[in-house]
Amino acid sequence: MEKLLAYVGGSERCGSTLLDLILNNSPHVQSVGEVSRLCWYAQTNREPCTCGTPVSECEFWRRVEVEGCTELGLRDGEPLLRTRETMLWPEHVGRLGTVAQKCLLVLGNRPLYLTAARVLTSRHHEACQNSLFWYEMLRRVTGCPIILDSSKDARRLKALYLTDPQPFRLLHMVRDGRAIVASAMRRKNFDVLRATKAWVKITHSLRWVMRTVPERQVLRVHYESLCRDPHRTTERVCDFLQIPFDAEMLTLRKHDAHNIGGNPMRFRKLESQITLDEQWRRQLSAEDLATFERLAGRWNRHLGYQD
């Protein structure tokens, strides 16, 4: 079976954690959540692995770290998880680098991007290389040919694609923008204006960076479809990744997962069934909905949300 990187692109609370847990039930897929934050999670231990153990102490992640040490010829005990940065921090490239990088990512010219990345955004280029390194160590430890990274970030999405395009597969996870806005209002105490503008910005960023990713390497997945018809939707995803579908994948076995980051639902071990969350229908007022429609209605309809 072909080695692939399946990358989930989308906004916060788009349903990526649910998709992670479902695909992790396949023997051909290792889902690891927001790998972009791996170094930070290992350094701080502020949020544990889905198994409940701090990332730096998790037996699964320790095996991955030991495999990395062996590959690099280092002694066991080197804190690789804490030191091999995988996040594309804006402050690492400066204003000029940020502008140049955005232009190059949208343009999508691989030779030009790689040449410029080594000069203008070398720290980000190194972070991409580190990510590819960890994907390979994960394959060796688990035997799974497909690694699922649900970091979601648009810039990371395109940078990884341009760094190694052939094995890249994009799962574009979308959810009704009104649900994303309502979630930001609850969790971050945003007002509807700020939350809507933030969602529009992410939606635009994804749209631009996806322009030069070949259609055959992209599959759009609607959160609502995944919840309402998980069997058919997961079958579509499995066909896209060229792996067999098994109905047993639809039982959320969270105790077997080692995702980092994502929705807190991954810690609720007793929740094993897939359920649709549409709190936004009760939460958003008529005024909130009018604001959303004015700023983002057409973009939401472009994603398939008509009502």
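Given R₀ = 22 Å, FRET efficiency for Asp307-Gln283 by Cβ-Cβ distance, to 0.05? For R0 = 22 Å, the calculated efficiency reads 0.85. In order along the stretch 297-307, the Karplus-derived 3J(HN,Hα) couplings, from 6.51 cos²θ - 1.76 cosθ + 1.60 at θ = phi - 60°, round to x, 5, 5, 5, 5, 4, 7, x, 9, 9, 7 Hz, and Gly and Pro are given as x. What separates the Cα centres of the stretch 216-257 and the stretch 149-193 is a distance of 18 Å. Take the Cα of Ser122, step 7 Å toward its Cβ, do the same at Asp246, and the gap between the two points is 4.7 nm. Per residue, the chain reaches -15500 deg cm²/dmol at 222 nm when only DSSP H runs of four or more residues are counted, each adding -39500 (n - 2.57). Against the empirical 2.2 N^0.38 Å (N residues), the stretch 175-307 has a Cα radius of gyration ratio of 1.18. Placing R0 at 41 angstrom, the Cβ-Cβ distance between Thr212 and Lys269 gives a FRET efficiency of 0.50 after rounding to 0.05. If you take all C-alpha pairs in the chain, what percent of them are over 34 Å apart? Result for the distance tail: 20 percent.
As a proxy for reagent exposure, Ser272, Ser150, Ser56 were ordered by neighbouring Cβ count within 10 angstrom, fewest first; the result is Ser272, Ser56, Ser150. Within the shell defined by Cβ-Cβ distances under 10 Å, the residues around Glu136 carry a net charge of +1, with Lys and Arg each +1 and Asp and Glu each -1. Annotation: the residues Arg228, Arg178, sorted from fewest to most other C-beta atoms within 10 Å of their own C-beta, follow the order Arg228, Arg178. Neighbour counting of Cβ atoms within 10 Å sorts the residues Tyr305, Tyr135, Tyr161, fewest neighbours leading, into Tyr305, Tyr135, Tyr161.
Every number in this text was worked out from the coordinates using simple rules, so none of it is lab data. Source: prediction; values computed, not measured. Because the Cβ atoms are built from the backbone with ideal geometry, glycine has one as well, and the counts that use them run over all protein chains shown.
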